[in-house]
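Beneath this line is the structure, given in structure tokens, with notes to follow.
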Amino acid sequence: MSFLDVDEALADLIEHIEFDRSPLTDIKQVSEQGVDIGLIEGGLCNRENVEVLHQFRQRCKVLVAVGACAMYGGVPALRNGIPVSELLAEAYLGPDVLNAQVPQDPELPPLLKKVLPLHEVVPIDYTLAGCPPPAAAFRELIMAILEQRVPVLPEDLRRFD
């Protein structure tokens, strides 16, 4: 959503970029030929997250970790000091839970023992700090990559709302 705050500057970017897999296109897989720049947010909480990240990394020339969760694990990583079995028991087996049981559906990917930042699993080329990063940071980073220059991301482009 923060990326969309680029507003009218998005028109400038549209001349240079094409969206592939994104919530804007509802495309679920990255093109086989790959993409120039991949923006990915969120920490790695389960095995499916790790698989998707590996596939995405293979198809991106440049991979950008977007936000505090992608860079550090963020709020979800607060669970890292608690064993997964205790987390599941708290969520699904409490005395006030109707029909208490831990879900066993094969569609649910198994949780990792801890939430991981992206760089612990694949190489990351750039990071956009913040929660969320401001629109100006997205624009600057994308334009810098397109113009083959070092991005200028001063402190005021790192916000935590």
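Just so it is clear, none of the values below were taken in a lab; they were calculated from the coordinates. Given the structure is predicted, the values throughout are model-derived calculations rather than measurements.
Here the gap between ARG149 and LEU88, fully extended at 0.36 nm per residue and compared with their Cα-Cα distance, gives a gain of 17.3 nm.
Assuming 0.36 nm per residue, please report the length gained on full extension of the stretch ASN99 to GLU32 beyond their Cα-Cα distance.
Numbers: separation 67, 0.36 × 67 = 24.12 nm, distance 4.40 nm.
Using 0.36 nm per residue and subtracting the Cα-Cα distance, I get 19.7 nm.
Note on the range 32-161: the alpha carbon radius of gyration divided by the globular reference 2.2 N^0.38 Å gives 1.27. The H on the amide N of LEU112, modeled in the peptide plane, is under 5 Å from the matching H of ASN46, ARG47, each at least 5 residues off or on a different chain. The length gained on full extension between LEU108 and LEU78, counted as 0.36 nm times the residue separation minus their Cα-Cα distance, comes to 8.7 nm.
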